[in-house]
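Here the structure comes first, spelled out in structure tokens, and everything after it is commentary.
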Amino acid sequence: MKMKKKYWPLILGSAIAVGILIGGKLNFTDTSDRLFTSSSKKDKLNRLIDYIDYEYVDDVNTDSIVDVTVNEILDNLDPHSVYIPKDEMQEVTENMKGDFVGIGISFYTYNDTITVIRTIEDGPSEKAGLMAGDRIITANGDSLFGRDLNNGDLVKKLKGLIDTKVNLEVVRRGSSKPLAFTVTRGHIPIKSVDAAYMLGDSLGYIKINRFAESTYKEFKKELNKLQALGATELALDLRANPGGFLGIAEKIIDEFLEDETLILFTKNKSGQIDRNYATTRGSFEKGKVYVLIDENSASASEIVAGALQDNDKGVIVGRRSYGKGLVQREMQLGDGSAVRLTVARYYTPTGRSIQRAYDTGNSDYFDDYYARIESGELFDASKIEVADSLKFTTPKGNIVYGGGGIIPDVFVPIDRAMNNETIVYLYRRGFINNFAFEHLEHDREAYANLSRKDFITFHEVDDAVIEEFKEYLEVKGRTNIIFVTYKSEIKQYIKAAIAEQLYGTGAFEEVLNQRDIMIEKIIHLSAGVIKKDAAPIETTEDSEVENNNAVPTQTEAQIIDQLSND
């Protein structure tokens, strides 16, 4: 029997309603047998948000409620599963991608005006003709000076879409009237290799600040340069490196390990084991490596140090690393925000987990640095406590430990002078860098004919500059700061800041490294002045550190079997 046309709109409307109902419940990762089931937990949260949206007596920003709820849920998982709000996603993405779109300047807000500290080498501003010391007063006619503008507002006016143009009005010292520049926005690299240079005739140095998408290419480029200069040994500085992409760390490790050498394991919730091996790609397999780590070297940094230590490749120098053995994956939440959720644990080639315990809560976990200070561990290797049950043996018979960071082969205590609280405060709050800029502004010509090499090697900051710095601090309201005891260290930081502003990438680190006791230790190791000695450590019979595979001296097959059965 034919259905009457008058019923068609009703049937069509019903079909659409059913489609919407199904679509609302559909999770595209669900199997067909779960399609028509409901989750009371999810429904409860959804209903609560709806009730607040439509019934609550006052207007409430339910987006903020959701954000708080997500954060509280993640806080109950582990310390490294985190929520990234929508308004922070762009900055996070740019940082890990390794570039952003902009005009390519480093600037300082000087007397309420954007002032160029330096232009990025080969960047849009340098190509357009901007110079250090230029004051940018307008962008596309919009004013860029005044007390009401913060750095975030200023950056937004200078950033934009790729290949778009921005017209700048610039005041330059020595010019009687403002200058006009048109700058075409382009990709600006966010460098993850801070410095690369030769420490000696055959000893190269590379410092990596994080493992971003661009890091391996940066690293490989600098490694090739150093090898061309005669480097057969390398100091790889991973101090204060918080980590990043696992795959990028593996590529860097691959440069040092022979083909088919195990780099690490990962194990996920279902017990799946993924093993990663070195390939034929490495160019430094015959070279000697020194890896510099400290209490702030985490995650991918520890993967590098652990893989090289467990394979008896090179020497790990410094202090016990952070202790993060968890792997995160970024997952989009559909509204521009995302979560980085822990999806696996990683294990070094001997089978050890270096993740430290977090069962006492996130506050205790993140305050571990202060606990290390109180215990004396940062100053004395014998204060490092490990469990004897977490002892593992490398192929050459060296003892290594799991359960809370990578313990170095050669211990170097923290330098109390260069890490003095006053100096760290002055540097981190920008006082040293800003003073260096103002110092240069008074007389840039004094440095005009000084080459980078001559400045770094021979230039000395004299007492007159220190007096100038004191006066600068007084003007800024910091009259209670006394650093007579640390005058030489302050001079070194000021020299480093001036070097960076004059000569760009790597100059800051190269100057500070002249007084770095860990660099000095590396040079002595390289020269054979001192030998590699395992740091003396205190062992206990057991450990509260979570460890799924504390079985020493196992073959790879035995380790995999052990992990598979955990």
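Tabulated data
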| item | result |
| --- | --- |
| Verdict on R515 being charged (D, E, K, R), surrounded by 12 or more Cβ atoms within 10 Å (Cβ to Cβ) and over 26 Å from the mean Cα position of the chain (by Cα) | no |
| Scope segment 313-347; condition part of a loop (DSSP other than H, G, I, E, B) and crowded, with 17+ Cβ neighbours inside 10 Å; matching residues | K313, G314, R319, R320, S321, Y322, G323, K324, G325, S337 |
| Selection from segment 380-399 of residues that are surrounded by fewer than 15 Cβ atoms within 10 Å (Cβ to Cβ) and assigned to a loop (DSSP other than H, G, I, E, B) | D380, P395, K396, G397 |
| Failed condition for N241, given (1) part of a loop (DSSP other than H, G, I, E, B); (2) exposed (fewer than 15 other Cβ atoms within 10 Å of the Cβ) | (2) |
| Among residues of segment 469-483, those that are under 31 Å from the mean Cα position of the chain (by Cα) and touching a residue at least 40 places away in the same chain (Cβ under 8 Å), counted | 5 |
| Qualifying position, being surrounded by 12 or more Cβ atoms within 10 Å (Cβ to Cβ) and assigned to a loop (DSSP other than H, G, I, E, B), among I494, I406 | I406 |
| D201, sole failed condition from (1) loosely packed, with under 13 Cβ neighbours inside 10 Å; (2) within 27 Å of A448 (Cα to Cα) | (2) |
| Residue among F469, F483 that alone is part of a loop (DSSP other than H, G, I, E, B) and over 17 Å from A132 (Cα atoms) | F483 |
| Residue under evaluation A535, criteria (1) modelled with pLDDT under 90; (2) aliphatic (A, V, I, L, M); (3) in a helix (DSSP H, G or I), criterion not met | (3) |
| Meets criteria (part of a helix (DSSP H, G or I) and small (G, A, S)) for S353 | no |
| Among (1) in a strand (DSSP E or B); (2) of a type in the set (A, V, I, L, M, F, W, C); (3) crowded, with 19+ Cβ neighbours inside 10 Å; (4) more than 26 Å from the chain's Cα centre (by Cα), the one test that L236 misses | (4) |
| Selection within segment 212-255 - acidic (D, E) and modelled with pLDDT under 95 | E213 |
| Top-ranked residue of segment 263-312 - restricted to ones that are under 30 Å from V412 (Cα atoms), surrounded by fewer than 22 Cβ atoms within 10 Å (Cβ to Cβ) and among the charged types (D, E, K, R), ranked as farthest from the chain's Cα centre (by Cα) | K286 |
| V461, sole failed condition from (1) closer than 17 Å to I498 by Cβ; (2) surrounded by 11 or more Cβ atoms within 10 Å (Cβ to Cβ); (3) at pLDDT below 90; (4) of a type in the set (A, V, I, L, M) | (3) |
| Any pair with Cβ under 7 angstrom, 6 or more apart, that starts in segment 260-282 at a residue that is of a type in the set (F, W, Y) and ends at one that is surrounded by 14 or more Cβ atoms within 10 Å (Cβ to Cβ) | F265/I273; F265/R275; F265/Y346; F265/Y347; F265/L563; Y277/T261; Y277/L262; Y277/I263 |
| Contacts under 7 angstrom Cβ, first residue in segment 193-214 being without any contact (Cβ under 8 Å) to a residue 24 or more places away in the chain and not assigned by TED's automatic domain parsing to the domain that holds S299, partner acidic (D, E) and part of a loop (DSSP other than H, G, I, E, B), 6 or more apart | none |
| Single residue of segment 210-228 satisfying the filter (in contact with a strand residue (DSSP E or B) (Cβ under 6 Å, 6 or more places away or on another chain) and assigned to a loop (DSSP other than H, G, I, E, B)) that is nearest to G506 (Cα to Cα) | R210 |
| Strands (runs of 3 or more DSSP E) lying entirely in segment 88-149 (those with 3 or more residues that are in contact with a Gly (Cβ under 8 Å, 6 or more places away or on another chain) and either crowded, with 17+ Cβ neighbours inside 10 Å or in contact (Cβ under 8 Å) with a residue 24 or more places away in the chain (or both)) | 113-119 |
| Test: R185 is surrounded by 19 or more Cβ atoms within 10 Å (Cβ to Cβ), in contact (Cβ under 8 Å) with a residue 40 or more places away in the chain and among the basic types (K, R) | yes |
| Subset of segment 151-205 [among the β-branched types (V, I, T), at pLDDT 90 or above and in a loop (DSSP other than H, G, I, E, B)] | I162, T164 |
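The values are calculated or read from the model by the stated rules, or taken from the named source; none is laboratory data. Here the structure is a predicted model, which means the values were calculated and not measured. Quick reminder, even Gly has a Cβ in these numbers, built from the backbone with ideal geometry, and neighbours come from all protein chains shown.
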